[in-house]
Structures are given as C-alpha cells and as structure tokens.
Amino acid sequence: MLSYYSRLSSEVYDLDKPVGHSFGDVEYYIDRLATCKGRILEPATGTGRILIPLLEKGFKVDGFDSSDDMLTICRTNCEERGLYPHLFEGKMESFSLDMKYEAIIIPAGTFLLLHKREDSIKALRNFHKHLVNGGRLIVDLFMQTEVSIGKVTTRTWECTNGDSITLENNTVEIDYIHQHSISHGRYEKWRNGTLLQTELERFPVRWYGVEEFKLILEEIGFGNITISSDYNFGEYPINPKQAIIFEAVANKK
C-alpha cells in the first residue's frame, strides 16, 4: 500500500544518508546550538543522521518520527554507539508532551512532507507551544525547482549483505495553487537476480515562498527571524536551488 516511509524506504534512507552524513547541515546545527544548555527536540528524526552527532557532542536531544521502521533503525544506530536517547513515535502536527524545549530542529527539508497547509500550520503552532519562552525553532526548506509530471528517476543501493534495492520514482501530481507535488515510489529488493520484496510509497512535498514562510512564523508568534542560505548564517538566499534555513525565537505572551 501507499504510505510514508515503508520498511524498504527506511532501509534506503539509512544507506543513502547514514549517521553523520552532512550536506553542511550537521556542522551548521552543531554551531548554531553551541549555546544551548537545555533540551533539544528533533521531529522526524529518521534513522539518526543528525541526532546521533548532536548526542555525541554532548547535547541533550530527544527525537520522534511517524515511522516505527525509522525509529527501529535509529534505536539500533544509537545503541551501537552506547547512546540511549528518548525516542518516540509521533507526528509533527499532533505530538503532545509535558516538557518544553530550548530548541526544536527540523533539518533536511523534512518539514515539507506536511504537504497540506493546515497540517503545516498546526505543526508550527505545536512547535511554538513546546518551546520555552525565547526558545528557538530552526528549520530547513527547499524550493521545488525541477519537478514535472511523469518525470521518472531510478536509483540503486547496495546492501551490506550483497542485496540491492532499487527505487523508481514517478511524479504524478503538481498542484501550483496549493503548492505541493506528489510522487509515487516503487522500492524493490533483489538478491542474485530474484525479487524478494516490493513496496510502494506515496511521497508528497510542499513548497513555500521565502517571505511567505517568514510571515507565517510571525503570525504564529515567532520573532527575531533570521533567514540563511546553504548553511551560511544570515546570508539571504539568491538562488532557488539553495537550502533555505529559518531560525526563529518563540515569543510567549
């Protein structure tokens, strides 16, 4: 069936983006969080690509994900390194905790998986609710610059046991009015030419204008908003292909 992050896609994520793999964001987040002495939350923590380097640097980080398969791999990756963070299953728009955090981080454009505007607004309000007064939200966004209906891409990954996993990805919907695209992915695991497993994944992605997202943050109650690009703090983006990073402070009444 179609879903976010099936078992094979979680395995591929760990192969394609292993612990510590950086797009420049691991170093950036370590630097931006250097003064953070309280607890940090990473929604959609995945398999621990950024969570684990932060833990190894001594940060106090909790994480959650909507995918149990992702969390299973994340726990294994943590335990192999003698790390035992608080990890739990949850969704960005609906998780509820008694604890408030000094920082909430969403790297790698993961926030864009909330392709419905109302869900993304709920999530941002939820982040604001779970931050201490003066706590920071840091979130990466990407523009959708190379998307077209019927565009098919194929990739292959080699597993440590010699199996291979292929992914065929097909863009099936682009909604310019509501600012999202939807693609379908077919994962196949092979061993010595024999197909072992097939899974389908529905993969929605939203996009925002830079100033649009800033206005949304301000409306929710964030202030002192800094917009950066390609993990260079304070450098306003000039190219739609750049990573766009928002850092905002939760102002509580």
field: Nearby aspartates and glutamates by direct alpha-carbon distance to LYS189 (threshold 18 angstrom, same-chain neighbours under 8 apart not counted)
entry: GLU11, ASP14, ASP16, ASP69, GLU158, ASP163, GLU168, GLU199, GLU201
- prompt: Which of the chymotrypsin sites (Phe, Trp or Tyr not before Pro) found in region 169-212 are loop residues per DSSP with 12 or fewer other Cβ atoms within 10 Å of their Cβ?
  reply: TYR176
- prompt: Once you sort the root eigenvalues of the Cα gyration tensor of region 132-188 as a ≥ b ≥ c, which label holds: rounded (a/c under 1.5), prolate (a/b larger than b/c) or oblate (the other case)?
  reply: oblate
- prompt: Any idea what % of Cα-Cα pairs in region 195-234 are farther than 13 Å?
  reply: 70
- request: Quick one: net charge around PHE64, please, counting Lys, Arg +1 and Asp, Glu -1 for every other residue with C-beta under 9 Å from its C-beta.
  value: -3
query: Based on the Cα gyration tensor of region 29-79, what are the three equivalent ellipsoid semi-axes, each the root of five times an eigenvalue, rounded to whole Å and given largest first?
result: 20, 11, 8
Peptides ranked, highest mean first, by Cβ atoms within 10 Å: ranges 229-236, 67-74: 67-74, 229-236
task: Compute the convex hull volume of the Cα atoms of region 47-104, divide it by the residue count, and report the result per residue in Å³ as a whole number.
output: 82
field: Within the chain, percent of DSSP bridges classed antiparallel, to nearest 5
entry: 75
task: Would you mind computing the Rg to Rh ratio of region 64-175 from its alpha-carbon coordinates, Kirkwood style for Rh?
output: 1.03
field: Quotient of C-alpha Rg and 2.2 N^0.38 Å, computed over region 1-120
entry: 1.01
- prompt: How many percent of all Cα-Cα pairs in region 160-239 sit more than 23 Å apart?
  reply: 53
message: Suppose each label sits 7 Å from its Cα in the direction of the beta carbon; what would the GLU158-GLU173 distance come out to in nanometres?
response: 3.8
- prompt: Do the alpha carbons of any pairs in LYS17/LYS37; LYS57/LYS241; LYS57/LYS100; LYS214/LYS252 sit beyond 23 Å of each other, and which pairs?
  reply: LYS17/LYS37; LYS57/LYS241
task: Go through ASP175, ASP65, ASP31 and list them by solvent-accessible area, largest first, probe radius 1.4 Å.
output: ASP31, ASP175, ASP65
field: Computed Rg/Rh of the chain, alpha carbon atoms with Kirkwood Rh
entry: 0.96
- line: Cβ-Cβ cut-off under 14 Å around GLU212, Lys and Arg +1, Asp and Glu -1: the net charge is 0
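The values are calculated or read from the model by the stated rules, or taken from the named source; none is laboratory data. Quick caveat: nothing in here was measured; it's all calculated off a predicted structure. Here Cβ is always computed from backbone atoms with ideal geometry, including for glycine, and neighbour counts include all displayed protein chains. Each accessible area value is taken on the protein alone, full model and side chains, heavy atoms only, with ligands, DNA and RNA left out. Shrake-Rupley method; radii C 1.70, N 1.55, O 1.52, S 1.80 Å.
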